[in-house]
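Only one structure is covered here, and it is reproduced in the block below.
The values are calculated or read from the model by the stated rules, or taken from the named source; none is laboratory data. Because the structure is predicted, anything quoted here is derived from the model rather than measured. Here the Cβ positions follow ideal geometry from the backbone for every residue, glycine too, while neighbour counts run over all protein chains shown. These accessible areas exclude ligands, DNA and RNA; they are computed on the full protein's heavy atoms, side chains included. Shrake-Rupley method; radii C 1.70, N 1.55, O 1.52, S 1.80 Å.
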Amino acid sequence: MKVHHVPFQKTGYFSKIICDYLDKKTALSEFYGNYPNLNGFKKQIENKKEAFSSNSRNILVEVLQHQYKEIATSDTTLQNINTLSNKNTFTITTGHQLNIFTGPLYFLYKIISTINLTKTLKKEFPTLNFVPVYWMATEDHDFEEINFFNLKQNKISWDRKSSGAVGRLNTEGFETVFEEFSKIVGTTKNAIFLKELFKNAYLNHKNLTNATRFLVNELFGEYGLVIVDGDNSQLKKQFAPIIKDELLHNTSFKEVSKTTEKLETDYKTQVNPREINLFFLKNGLRERIIFKNNSYYINNTDLIFSKDEILNEVSKYPECFSPNVIMRPLFQEAVLPNLCYIGGGGELAYWFQLKNYFEASNIPFPILLLRNSVLLASEKQLIKTKKLGVSLEELFLKQNNLITKKVKEISAIKIDFSEQKEHLKKQFDSLKELAKQTDISFLGAVNAQEKKQLNGLVNLEKRLLKAQKRKLSAVVERITILQNELFPNQSLEERTRNFSEIYLKLGDDFIPMLLDVIQPLQLEFSVVEY
């Protein structure tokens, strides 16, 4: 196994805001706290040490012990849960939706980035403890985003009606999904393991939260991963003062709006805050809370609360209030002794909008770390890449751009009319000087003719390129096939394929291989040759 690295910034798959973050551009510096390096973690530890109380730790341990009560897990995870009561213990957290059978590959990369970062920090700070945490997005209601996964060019879906928080959905209908999955994976040793894993997760658990906890624990429990379900009354009770503040003062809307306005000077913003960034969560219901006419309305229902009534509801039933994408990060950081959040580019982009809100709420803003990305390539595929004269960086180009670049490089004739265009421009510059000595209409005619002839050269260049692509069609076809294998649907493999497709080939070696190659603080895209 060999590992090659490509800087994230050179792949073309990451936004300006993420590339500027990785490059530590000053334009972005006010929107985050400590940077993800060892010095940044040293500072973050000091920030969080005093900010997280022993009472909060004890509540967290009690909640986790209850959530793990009916699940067999490793001694490492149980020890990590108990260690959270110690003031010298901190978490590294990633979060994700409850995608069926983990969804796309990058879910695994998020988890392994989290596990490996805790190992790195333990080596650097041996007197402290670091616990990897997966925060399950059990309260999300975007069912269409999670109810499928892709396997061998097949989309396997869990088709059913959905309402409310997805974690509370019962697992009715998974028998059909299991049958379809079983037919596709086959009967090899690795296929049998996958089928047992799927069956035990989804056919032997009553709801999606419990099924997902079982599944992820089976894959990563031996590495000490702790899985947190925030849909919990005790955790929400700790968050209740911030919930009440949101209902009364719209703090998130005010603070995030101010930050967003500043960010929009240089960047596209990811999310837009609402005046109240909470949902009401109850009995298959997750609907927005809207304040109007001095009352609190639950959208799409007949439920209406006065100010006193809704504050009383928070005090009695905090579990009925569900933070949206703006408030969920604050909830997470309020109930965990967390140092760092590991997420994808889209996630980190909206976290940059939240720093002022954290400060207004007196909660330390975590270090933000871009999760590791991996491209899995066989030795045979990388040999083909080399023979075709394609570099690893070039593999990430859009397909048409890659083919055009390679055809121009290997063509026996030059497919670049830049010299001719420059020569033509100089000729017309002389004509423009002559035109200035006559009348303005002649200058207009010269400009029009210049544009026409330059367009003509552009069209001729395109036709020549097209002809050369036909002439070199064998090479073009080989490049196309190779890139389509590595980038399904001309997108990153990690955003499309499910882990089971790779597990069928590598079996029990797959996750240990990833644990060996993923280095969270390296901040580069890993191309893994296996």
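In the range 493-530, of all residues being open to solvent by 10 Å² or more (accessible area, probe 1.4 Å) and part of a loop (DSSP other than H, G, I, E, B), the one that is nearest to Lys119 (Cα to Cα) corresponds to Gln519.
Checking each residue in the range 38-66 for being small (Gly, Ala, Ser) and within 13 Å of Asn88 (Cα to Cα) picks out Ala51, Ser53, Ser54.
Checking each residue in the range 452-470 for being without any contact (Cβ under 8 Å) to a residue 40 or more places away in the chain and either open to solvent by less than 80 Å² (accessible area, probe 1.4 Å) or within 24 Å of Thr404 (Cβ to Cβ) (or both) picks out Gln453, Leu454, Asn455, Gly456, Asn459, Lys462, Arg463, Lys466, Ala467, Arg470.
Listed by position, the strands (runs of 3 or more DSSP E) inside the range 148-241 whose residues that are within 25 Å of Tyr109 (Cα to Cα) and open to solvent by 10 Å² or more (accessible area, probe 1.4 Å) number at least 3 are 154-157.
Counting the residues of the range 106-147 that are open to solvent by 60 Å² or more (accessible area, probe 1.4 Å) and closer than 22 Å to Asn80 by Cα gives 6. Checked against the criterion of being part of a helix (DSSP H, G or I) and under 30 Å from Leu194 (Cβ atoms), the range 462-475 contains not a single residue that satisfies it. Of all residues in the range 53-79, those that are open to solvent by less than 60 Å² (accessible area, probe 1.4 Å) and touching a helix residue (DSSP H, G or I) at 6+ places or on another chain (Cβ under 9 Å) total 12. Checking each residue of the range 101-124 against the condition of being touching a residue at least 60 places away in the same chain (Cβ under 8 Å) and over 30 Å from Asp509 (Cβ atoms) gives no match. A search for C-beta distances below 6 Å between a residue of the range 24-36 that is not polar (S, T, N, Q) and any residue that is not in a helix (DSSP H, G or I), counting only pairs 6+ apart in sequence or on different chains, returns Ala27/Asp266; Phe31/Phe352; Tyr32/Leu368; Gly33/Phe365; Pro36/Ile367; Pro36/Leu369. Only a single criterion out of (1) part of a helix (DSSP H, G or I); (2) open to solvent by 40 Å² or more (accessible area, probe 1.4 Å); (3) within 30 Å of Phe198 (Cβ to Cβ) is not satisfied by Asn39, namely (3).
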